[in-house]
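Peer 1: My questions will all concern the structure given below.
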Amino acid sequence: MEQSSKWMILIASTWIQAFTGTNFDFSSYSSDLKSVLGISQVQLNYLSMASDFGKAFGWCSGVSLMYFPLWVVLLIAAFMGLVGYGLQWLVIQRIIFLPYFLVFLLCVLAGCSICWFNTVCYVLCIKHFSANRPIALSLSISFNGASAALYNLIANAINSKDDTLYLLLNGLVPLVTSIAALPILWQPRSQTLHADSVHREYLNFRCLTILAVFTGLYLLILNSVSYSAQTARILLAGAVFLLVLPVIAPGVICTEEWSELFHPNYISLEDNDTDDLEMLNELIWKEASSMNVWTENSDGSKEKGSWTSSFLLRDRLLLLGEEHSASLLMCRLDFWLYYLAYFCGGTLVLVYSNNLGQISESLGYRSEISFFVALYSACSFFGRLLSAAPDFLRNKMNYARTAWLAFALIPTPLAFFLLVLSGSKAALSAATALVGLSSGFVFSAAVSITSELFGPNSAGVNHNILITNIPLGSLLYGLLAAIVYEANLGKPDQVLVLDGSKVCMGRNCYIQTFMWWGCISLLGVASSFLPFLRTKAAYDSQERNRNWMRLT
């Protein structure tokens, strides 16, 4: 009974993630919001930034979990989203009038709700799947990337010509989903698994991941033909069926023999006896104590190494999983290097997704904005699923998770430089797909990396501290794009008036922005290799000791 309840909790987590990635569809209604409010591109960028600024208060969700049960935090998130998006919908429908400053605050509140939803899902996966934590996180978080595709189907099923409908859905759908998930979340925390249970659990994840891939392909391929209401309703029914199907998927695995057949050698550290774990920790600490910036000479004196060695070894993490308080986290060089890589990588692609509506419009693809938003969302979904690759491939090719993060950032500069070279629909589609894959991997892997580097029990607070760079990056990168955009509005041959609002048309509206973003993302790739080099020894040590435990 306990095992079936934990799978229901994971599935409820995927439902919450699937319907609460409301920041992905900002581009779908941003042009209408700009027209109704009568604001400039710079002011619209501030609204986009406001949603990201809400993430700066995401740490409050981690703190609130210290005092309130999960279901209370979940409902608080749902009602914040209802107020934040619901009132914006009333404004865009011209039912009420609110000054720009209050709309800005509503965007902040809506963005904060997303963070609270995410924290609930992170904590659920960390608490109930200690043996396969990274895979559970990747599977759950991946469905957040499907949100835009799902909302596109729902909107088209109701009224494909009303882009303002997204705001109403953003407020109502997460609330309904949260209420539906409440009975499932009232479950006790799972106990530590025995080795045979871990085998079956691992195979369950493989089945659920295959099903998730099929769901992503379904949303990616069929979303492009969902323009008529009738077709969209049929496709939406199929998508809902695929989301509900995992409820029965874990029942497919019946015997321990099947688990042994598929993955006979998989053993998690959580399955060993307490004595073995104590011996393992002692081995890790002995190895860690020998790693430092100084080397002992034969006469006992200490000799300082090169500047490069000093930088790579000084105050680096030597043990994975050690709990870090917020104050200790701030003193860690590894954290700030990780912060910089995320700032120049993951945060930058969020700004791209927020500007995707204006980018598509400027390049002449206004009627296909929903397609590009759904494409980004679906590719983000697959990127998030791919973040589980290090765990599925551990016995064949083992690399530090920070190395996977560095390689995942490489497609981002390629995408931006592709847009510098071409403004065709094919180039925009390819760039959007590359950025989506890269961002999805980064967003999902970052949760596991934060948990591994700075402790699983502190991840709820520490990961929200990490993503405080999102509002800062949203402001700086978005402001850069808006300034370039506004500068081109001064050229009469590039201005078009739509719905009473000036729109910049042509490649020049964003080409300089793409060049700047490409260079910044290159910095992100370069900086991401520093945390990898500094944490590689800790990951290698963990893997050697895991192999030792397996042999003994």
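The values are calculated or read from the model by the stated rules, or taken from the named source; none is laboratory data. As the structure is a computational prediction, the values presented were derived from the model and not from experiment. Cβ atoms come from the backbone with ideal geometry, glycine included; neighbour counts cover every protein chain shown. We work out accessible area using only protein heavy atoms, side chains counted, and drop any ligands, DNA or RNA first. Shrake-Rupley method; radii C 1.70, N 1.55, O 1.52, S 1.80 Å.
Peer 1: Restricting attention to the stretch 318-367, report how many residues are part of a loop (DSSP other than H, G, I, E, B) and over 20 Å from Val42 (Cα atoms).
Peer 2: The number of residues fulfilling the criteria is 13.
Peer 1: Quick one: count up the residues across the stretch 4-41 that are modelled with pLDDT of 85 or more and within 25 Å of the chain's Cα centre (by Cα).
Peer 2: Number of matching residues: 12.
Peer 1: Among the residues of the stretch 106-127, is any among the aliphatic types (A, V, I, L, M), surrounded by fewer than 21 Cβ atoms within 10 Å (Cβ to Cβ) and closer than 28 Å to Arg233 by Cβ?
Peer 2: No; the residues of the stretch 106-127 include none that is among the aliphatic types (A, V, I, L, M), surrounded by fewer than 21 Cβ atoms within 10 Å (Cβ to Cβ) and closer than 28 Å to Arg233 by Cβ.
Peer 1: Report every pair of residues separated by at least 6 positions or lying on different chains whose Cβ atoms are under 6 Å apart, first residue within the stretch 360-389 and under 28 Å from Cys504 (Cα atoms), second of a type in the set (Phe, Trp, Tyr) and assigned to a helix (DSSP H, G or I).
Peer 2: Going by the 6 Å Cβ cut-off, the qualifying pairs are Ser360/Phe372; Ser377/Phe24.
Peer 1: On to the next question. Filter the stretch 149-167 for residues that are among the hydrophobic types (A, V, I, L, M, F, W, C) and in contact with a Leu (Cβ under 9 Å, 6 or more places away or on another chain); which is nearest to Ala229 (Cα to Cα)?
Peer 2: If we take residues in the stretch 149-167 being among the hydrophobic types (A, V, I, L, M, F, W, C) and in contact with a Leu (Cβ under 9 Å, 6 or more places away or on another chain), then Ala157 is nearest to Ala229 (Cα to Cα).
Peer 1: Taking helices (runs of 4 or more DSSP H) that fall entirely within the stretch 374-440, which contain at least 2 residues that are closer than 18 Å to Ser353 by Cβ and open to solvent by less than 50 Å² (accessible area, probe 1.4 Å)?
Peer 2: The helices (runs of 4 or more DSSP H) meeting that bar are 411-421.
Peer 1: I've got another one for you. Only one of these conditions is not met by Ser138: (1) more than 29 Å from Glu368 (Cα to Cα); (2) open to solvent by less than 10 Å² (accessible area, probe 1.4 Å); (3) at pLDDT 85 or above. Which number is it?
Peer 2: (3)
Peer 1: Give just the number: which of (1) touching a helix residue (DSSP H, G or I) at 6+ places or on another chain (Cβ under 9 Å); (2) surrounded by fewer than 21 Cβ atoms within 10 Å (Cβ to Cβ); (3) at pLDDT below 80; (4) over 24 Å from Leu320 (Cα atoms) does Val503 not satisfy?
Peer 2: Status for Val503: all satisfied but (2).
Peer 1: Of the residues that make up the stretch 491-499, is at least one open to solvent by less than 60 Å² (accessible area, probe 1.4 Å), over 23 Å from Leu418 (Cα atoms) and either of a type outside the set (Phe, Trp, Tyr) or at pLDDT 85 or above (or both)?
Peer 2: Scanning the stretch 491-499 turns up at least one residue that is open to solvent by less than 60 Å² (accessible area, probe 1.4 Å), over 23 Å from Leu418 (Cα atoms) and either of a type outside the set (Phe, Trp, Tyr) or at pLDDT 85 or above (or both).
Peer 1: Residues that are of a type in the set (Lys, Arg), surrounded by fewer than 24 Cβ atoms within 10 Å (Cβ to Cβ) and in contact (Cβ under 8 Å) with a residue 40 or more places away in the chain, at least 3 per element: which helices (runs of 4 or more DSSP H) completely within the stretch 19-86 meet that?
Peer 2: Because the criterion is at least 3 residues that are of a type in the set (Lys, Arg), surrounded by fewer than 24 Cβ atoms within 10 Å (Cβ to Cβ) and in contact (Cβ under 8 Å) with a residue 40 or more places away in the chain, no helices (runs of 4 or more DSSP H) in the stretch 19-86 meet it.
Peer 1: Okay, next question. Is it fair to say Ile359 is among the β-branched types (Val, Ile, Thr) and at pLDDT below 85?
Peer 2: no
Peer 1: Same structure again: Name the residues in the stretch 404-423 that are of a type in the set (Ser, Thr, Tyr) and modelled with pLDDT of 90 or more, would you?
Peer 2: Thr412
Peer 1: What residue, of Ile92, Ile76, is touching an Asp or Glu at 6+ places or on another chain (Cβ under 8 Å), at pLDDT 85 or above and hydrophobic (A, V, I, L, M, F, W, C)?
Peer 2: Only one candidate passes the filter, namely Ile92.
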